[in-house]
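Everything below concerns the one structure shown next.
Here, each number is a calculation from the coordinates, and none is a lab measurement. If you're wondering where the values come from, they're calculated on a predicted model, not measured in any experiment. Counting neighbours? That spans all protein chains shown, and the Cβs are built from the backbone with ideal geometry, glycine included.
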Amino acid sequence: MFHFTILTVGKQKSGPYLDLISDYLKRLGPYAKVFRKEIPEMRFTSYADRNKVLDQEMALIRDVVRDEGVMIVLDADGKQFDSAHFAAKLQDLSEQQTRPIVFVVGGPLGLHDELKEKCDLSLSLSPMTMPHELAMVVLSEQIYRAMTILTNKTYHY
């Protein structure tokens, strides 16, 4: 069974996005153990605070991720996959489901460059910018789709 942690910077707001995220994560139950963790979004008053905020968030992310396994960061400049190749990549990275996978979703300022350099995979969901909550919906759905592909279920055609 796969083990996933989805780590986000900032709290998910209630509403339709959270409902969709929760639905897809619930559907993953037969295929994977999924944990959601949130770290607080650091406040900033100007772009000049950017590096300080990213340093603080990186420290909190490292405290959570530690040596949990594979780290996949979401980044607009990351690698893009179609759904079948994403499923195969998850299978490969998990080393046949023996290593947990941690997805890291940054806050409004993105993620520290050091995290992007040290991750196992930098993943782009789209070349377009999207709201944090929508990115979580897309990620949750694609993880679910990947699991159905790997188990030959009829969700993906």
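With bins 5 Å wide starting at 0, give me the P(r) of the chain over every alpha carbon pair, in whole percents.
In order of increasing distance, the bins hold 2, 9, 19, 23, 22, 15, 7, 3, 1, 0 percent.
Nearest 10 degrees, 0 to 90: what angle lies between the long axis of helix 50-65 and the longest principal axis of the chain (Cα atoms)?
So the inclination is approximately 40 degrees.
Can you tell me what share of the DSSP beta bridges in the stretch 1-131 is antiparallel? A percent to the nearest 5 is fine.
Of all bridge pairs located within the stretch 1-131, approximately 5 percent are antiparallel.
What does DSSP give for the stretch 55-138 in terms of the percent of beta bridges that are antiparallel, rounded to the nearest 5?
Of all bridge pairs located within the stretch 55-138, approximately 10 percent are antiparallel.
In the stretch 41-88, how does Rg compare with the Kirkwood Rh, expressed as the Rg/Rh ratio over alpha carbon atoms?
Result for the stretch 41-88 is an Rg/Rh of 1.11.
To the nearest 20 debye, what is the magnitude of the charge dipole of the stretch 97-157 about its Cα centre, counting +1 on the Cβ of each Lys and Arg and -1 on the Cβ of each Asp and Glu?
With only Lys, Arg, Asp and Glu charged at Cβ, the dipole is about 280 debye.
Grab the DSSP H runs of the chain that are 4 residues or longer, score each as -39,500 (n - 2.57), total them, divide by all residues and round the 222 nm result to the nearest 500 deg cm²/dmol.
-13000 deg cm²/dmol
Tally Lys and Arg at +1 and Asp and Glu at -1 over the other residues with C-beta under 9 Å from the C-beta of Met147: what net charge comes out?
Neighbour charge sum, excluding Met147 itself: +3.
Over the chain, what is the relative contact order in whole percent, taking alpha-carbon pairs under 8 Å and six or more residues apart?
33
Could you give the angle, 0 to 90 degrees to the nearest 10, between helix 83-93's Cα long axis and the longest principal axis of the Cα atoms of the chain?
Between the helix axis and the principal axis of the chain, the angle is about 80 degrees.
With the dipole of the stretch 94-157 worked out from charges on the C-beta (+1 for Lys and Arg, -1 for Asp and Glu) around the Cα centre, which of Ala135, Ser94, Thr154 lies farthest toward the positive end?
Of the listed residues, the answer is Thr154.
Please compute P(r) over all alpha-carbon pairs of the stretch 67-157, binned at 5 Å starting from zero, and give each bin as a whole-number percent.
3, 13, 24, 26, 20, 11, 3, 1
Nearest 20 debye, what's the magnitude of the dipole of the stretch 74-121 about its Cα centre given +1 on Lys and Arg Cβ and -1 on Asp and Glu Cβ?
140
Let's see if you can work this out: charge +1 on each Lys and Arg Cβ, -1 on each Asp and Glu Cβ, no other charges. What is the dipole magnitude of the chain about its Cα centre, in debye to the nearest 20?
For the chain, the charge dipole is close to 420 debye.
For the chain, what is the number of Lys pairs with C-alpha distance below 16 angstrom, counting only pairs 8 or more positions apart or on separate chains?
Within the chain, the lysine pair count is 6.
At 20 °C and a viscosity of 1.002 mPa s, what translational diffusion coefficient does Stokes-Einstein give for the stretch 57-118, taking Rh as the Kirkwood radius over Cα pairs? Give it in µm²/s as a whole number.
Translational diffusion coefficient: 169 µm²/s.
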